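Some notes on the structure that comes next.
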Amino acid sequence: MYQSIGLLVLSNVFMTFAWYGHLKDHKSSALWIAIMVSWGIAFFEYCLQVPANRMGSDHFSLPQLKIIQEVITMIVFAGFTVMYMKQPIKLDFLWAGLCMVGAVYFMFRSA
């Protein structure tokens with residue numbers, strides 16, 4: 001169970017860099033270069049995400065697995081935004097996080 005969550009965290013780091021890293025590192029590059037770099041990074045994301053979901057499906061329902069993924073995505077994205085993209089953290093991250101806590105509650109309350 002914890003191994004699948006750890007793999008989901010790692011896959012989200014790769015996913016976040018694949019989706020948004022080019023905005024900092026390849027902003028002036030040709031679009032096809034940014035796409036190829038992003039695809040290359042996304043390959044490693046899938047190498048972690050697919051086994052994580054397979055392992056996680058032994059312990060969680062599909063909706064539970066999805067909400068875990070979304071919470072991890074939000075946490076990783078907030079860290080990426082502040083540490084890598086050097087953008088200030090806003091109170092909106094807190095409000096969005098509280099909404100996610102509510103979603104987690106509803107997904108797991110009948111478990």
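Read the figures in this text as sums done on the coordinates, not as results from a lab. Note that the structure is predicted; figures quoted are calculated from it, not measured. Here Cβ is always computed from backbone atoms with ideal geometry, including for glycine, and neighbour counts include all displayed protein chains.
Summary table
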quantity	calculated
Cα-based shape type of region 1-75, given that a ≥ b ≥ c are square roots of the gyration tensor eigenvalues and the cut on a/c is 1.5	prolate
Helical contribution to [θ] at 222 nm, DSSP H n ≥ 4, -39,500 (n - 2.57), averaged over the chain, rounded to 500	-24500 deg cm²/dmol
In degrees, nearest ten, helix 31-56 long axis to first principal axis of the chain (Cα)	20
Label-point gap, in nm, between LEU23 and MET36 - each point 7 angstrom along Cα→Cβ	2.4
Shape category assigned to region 24-110 from the gyration tensor of Cα positions, a/c cut at 1.5	oblate
Taking region 2-108 and dividing mean pair separation by its residue count, relative contact order in percent (alpha carbons under 8 Å, at least six apart)	33
Test item: Cα-centred dipole of the chain, Lys/Arg +1 and Asp/Glu -1 on Cβ, debye	160
Peptide ranges 64-70, 96-102 listed from the most packed, as the mean C-beta count within 10 angstrom indicates	64-70, 96-102
Dipole of the chain, positive direction: furthest Cα of ALA78, ALA52, TYR2, with charges on the beta-carbon	ALA78
In region 8-64, trypsin sites (Lys or Arg not before Pro) in a DSSP loop with at most 12 other beta-carbon atoms within 10 Å	LYS27
Rounded FRET efficiency, nearest 0.05, which uses the C-beta distance separating GLN3 from ALA103 and R0 of 30 Å	0.80
Nearby lysines by direct alpha-carbon distance to LYS24 (threshold 21 angstrom, same-chain neighbours under 8 apart not counted)	LYS86, LYS90
Angle between the chain longest axis and helix 91-108 axis [Cα atoms, degrees, rounded to 10]	40
On Cα atoms only, tilt of 2-16 relative to the major axis of the chain in degrees	30
Positive-end residue of VAL37, ALA18, CYS99, charge dipole of the chain with Cβ unit charges	CYS99
